[in-house]
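Student: Please read through the structure below; I'll follow up with questions.
The values are calculated or read from the model by the stated rules, or taken from the named source; none is laboratory data. Predicted model only: the values in this text are computed from it and were never measured.
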Amino acid sequence: MSLHSTAQSLVSLAAEPGHEGGHASLSPFVTGGGALLVLLLLLWITTRFNRDR
């Protein structure tokens, strides 16, 4: 599958009626908060192992 056909299929999936907003049980605040926590954890781990400064 080429990149162009993959992009076209993703656009067509996003444009289908009846799928507005994704899954009903996923809150954007919970998803964003979880992503923020994961990124902060990765930042903390990275700074703990970077002892050469």
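Student: Any idea which of 48, 53 is over 17 Å from the mean Cα position of the chain (by Cα) and at pLDDT 90 or above?
Tutor: Of the residues listed, the single one that is over 17 Å from the mean Cα position of the chain (by Cα) and at pLDDT 90 or above is 48.
Student: Does the stretch 12-30 hold any residues that are hydrophobic (A, V, I, L, M, F, W, C) and at pLDDT 70 or above, and which are they?
Tutor: Matches in the stretch 12-30: 24, 26, 29, 30.
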